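Notes follow once the structure below has been shown.
The values are calculated or read from the model by the stated rules, or taken from the named source; none is laboratory data. Owing to the predicted nature of the structure, the values given are computational and were not obtained by experimental measurement. Heads up, the Cβs are rebuilt from the backbone with ideal geometry, glycines too, and the neighbour counts pull from every protein chain shown. Just the protein is used for accessible areas: all its heavy atoms, side chains included, with ligands, DNA and RNA removed. Shrake-Rupley method; radii C 1.70, N 1.55, O 1.52, S 1.80 Å.
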Amino acid sequence: MRTEYVATPRETVEELLKTAGRLNGAVPLRTEFLQQGPQAEPRPGPLAALVRNGDRRGFDLYLLLKAIASAPPFNSHRGAAVWARALRHTGVTATDQTISKIWNRLEKYRLIKRGRHGRLADVTLLREDGSGRRYTHPGDKNGRSRSEDRYLKLPVDYWLDAEDEWSSTLALPAKAVLLIGLSLSPNFVLPIEKAKPWYGISADTAQRGITELDRRGLVKRRRTLKKAPLSPKGFTQEYRHTLQSPFTVDRRASIKEDLQ
């Protein structure tokens, strides 16, 4: 088959997002996926296991399912070859079994459940916290406002940016830190030594993630100094980070979500 007649990974993702009504929107993701517990005693969410296991494909497939399963019952049934092409995982190794193994891992993380739709796997989202509870859209509170429903917005530019398809070019540590940054206030501080207790990722992993985001122009870092008479150098320093286009606060605020 001539390649001009075969859909590219980008075209596949774009069509999937279009059918889900997400083409110009954002994907809501509860911050419980990153961090859980009270502010004084935070504990890591399911993100930690994905990063610790180096499960980039699991991370990618989960976020793509989050983008596509946009309306109740928050499920999708597509052929394995479609998922594989969207993940840029093609060729002789991109079999039904390969995609099934990734779904199996996500099921063990208790982020999805699987059924059947004819001959296809029917995959349904579960709560982002890994509890196995039923998924609901975090923005549809029905008049309630709960801390566990705090969520970040991941713009679809993550997949469709014209110059850089971030979903396919960023390494897993950078992707993890990007999500963390999206969950925090502008000009945020992320102490490297706190990455492990707060998010379950090592200081080295967090540093690699921040370094890549900085190198790729997705974050601007600013060093601030503060007097500290009892410290060895007489001062302390911290880095403040601001996400850059296409993940700026203004960009995210401009996106109106469909609360289906």
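Given a cut-off of 15 Å, what percent of all Cα-Cα pairs of the range 43-84 lie beyond it?
51 percent
Tell me, what is the FRET efficiency for Glu15 and Leu225 to the nearest 0.05, using R0 = 45 angstrom and their Cβ-Cβ distance as r?
After rounding, the FRET efficiency stands at 0.35.
If I compute solvent accessible area with a 1.4 Å probe over the protein chains, what percent of it on the range 7-135 is carbon and sulfur?
The value for the range 7-135 is 47 percent carbon and sulfur by accessible area.
Once you have the Cα-Cα distance between Glu193 and Lys108, take 0.36 nm times their residue separation minus that, and quote the gain in nm to one decimal.
Here the answer is 27.7 nm.
Of the candidates Leu170, Leu61, Leu225, which one comes out as most mobile in a Gaussian network treatment of the chain with C-alpha springs shorter than 10 Å?
Comparing Leu170, Leu61, Leu225 in the GNM, the peak value goes to Leu225.
Taking a quarter of the surface of the convex hull around the Cα atoms of the chain, what do you get in nm²?
The directionally averaged projection comes out at 16.0 nm².
I'd like the FRET efficiency for Thr211 and Arg150, computed as 1/(1 + (r/R0)^6) with the beta carbon distance as r and R0 of 25 Å, rounded to 0.05.
After rounding, the FRET efficiency stands at 0.35.
What is the distance, in nm, between label points placed 7 Å from the Cα along the Cα-to-Cβ direction at Asn24 and at Lys233?
According to this spin-label approximation, the distance is 4.8 nm.
Please compute the length gained on full extension between Ser185 and Asp161, using 0.36 nm multiplied by the number of residues separating them and subtracting their Cα-Cα distance.
6.3 nm
Per residue, how much accessible area does the chain show when a 1.4 Å probe rolls over the protein heavy atoms, in square angstrom?
Per-residue value: 53 Å².
In what order, largest first, do Ser100, Ser254 sit by accessible area if the probe radius is 1.4 Å?
Ranked list, largest accessible area first: Ser254, Ser100.
Using the beta-carbon distance between Asp204 and Arg240 and R0 = 25 Å, what value does 1/(1 + (r/R0)^6) give for FRET efficiency, to the nearest 0.05?
It comes out at approximately 0.75.
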